[in-house]
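The values are calculated or read from the model by the stated rules, or taken from the named source; none is laboratory data. Computed from a prediction, not measured in an experiment: that's the story for all the values here. Counting neighbours? That spans all protein chains shown, and the Cβs are built from the backbone with ideal geometry, glycine included. To get the accessible areas, we keep the full protein, side chains included, count just its heavy atoms, and leave off ligands, DNA and RNA. Shrake-Rupley method; radii C 1.70, N 1.55, O 1.52, S 1.80 Å.
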Amino acid sequence: SEGRAPRAPRPQRYMIDPAEALDLVIENAAAREPRVVALEESVGFRLAEEVGADRPQPPFDRAMMDGYAVRLADAGQTVTVAGEIAAGAAPVGAPARGSCVEIMTGAPCPAGTEAVVPKEAASRSGSRVVLPSRIALGQHIAPAGSECGAGQPVLKPGDLMTPLAVAVLASFGKVRVRVTPRPTLGIIATGAELAPPESEPPPGQIRDSNGPMLRAMAFELGIE
């Protein structure tokens, strides 16, 4: 409201339009003080802080397929399976020329891995694997930091907290977040003709339906 000229006095029985009514509400609504809540309780609130990544995402070169971590020089060759890396396991040594490492989706690629060949694109017999003749550099690998770098903002003040936002912040170690509380609302239904919905209206009156409707709309929006 800064910089606005004072409003001219209105005649006593002046009726305002909805746009002016909304302006009056915005001008007079007080901002609510942010508070800190548990991450899983933040859904529906607006974030009141900027949250940055505490580490790169992904934090390592991540395999995007079940298959084999290989070197490009071995394309079209039969190589030996020298080890296996499951998701959550520490990476083993780099695959040497003439060998590969079996790897699962989400697992960290060994140092020196140049591509991941999906299982269905290779032919395995025992500990030997025939690789396809064409392998592209970096195929089926999500490089470390390819989604975001350490310190990069991931959510900003004003962003709506959703279940997906909770998942994002949890992946960066957040367990509590600063949010802006929802506004509170008072509903006043005026008119001498209105009677409570649970009553039997006397002659000349009708039951109040707008009040319950507005309370239901507020409830749907999470407003107290």
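Quick notes on this structure:
- When residues of the stretch 155-170 are limited to those that are open to solvent by less than 50 Å² (accessible area, probe 1.4 Å) and over 9 Å from the mean Cα position of the chain (by Cα), the one farthest from residue 114 (Cα to Cα): 158
- Of the residues making up the stretch 190-224, those that are surrounded by 12 or more Cβ atoms within 10 Å (Cβ to Cβ), out of contact with any strand residue (DSSP E or B) (no Cβ under 8 Å at 6 or more places or on another chain) and assigned to a loop (DSSP other than H, G, I, E, B) number 1.
- Boolean, residue 187 is open to solvent by less than 70 Å² (accessible area, probe 1.4 Å), within 30 Å of residue 34 (Cβ to Cβ) and over 19 Å from the mean Cα position of the chain (by Cα): yes
- Pairs where the first residue, in the stretch 122-137, is under 12 Å from residue 69 (Cα atoms) and the second is among the acidic types (Asp, Glu), C-beta under 7 Å, 6+ apart: 131/74; 137/114
- Filter result for residue 173 (out of contact with any helix residue (DSSP H, G or I) (no Cβ under 9 Å at 6 or more places or on another chain), open to solvent by 40 Å² or more (accessible area, probe 1.4 Å), more than 26 Å from residue 41 (Cβ to Cβ) and in contact (Cβ under 8 Å) with a residue 24 or more places away in the chain): no
- When we screen 3, 76, 44, 52 for residues that are at pLDDT below 90, out of contact with any helix residue (DSSP H, G or I) (no Cβ under 7 Å at 6 or more places or on another chain) and open to solvent by less than 50 Å² (accessible area, probe 1.4 Å), the only hit is 44.
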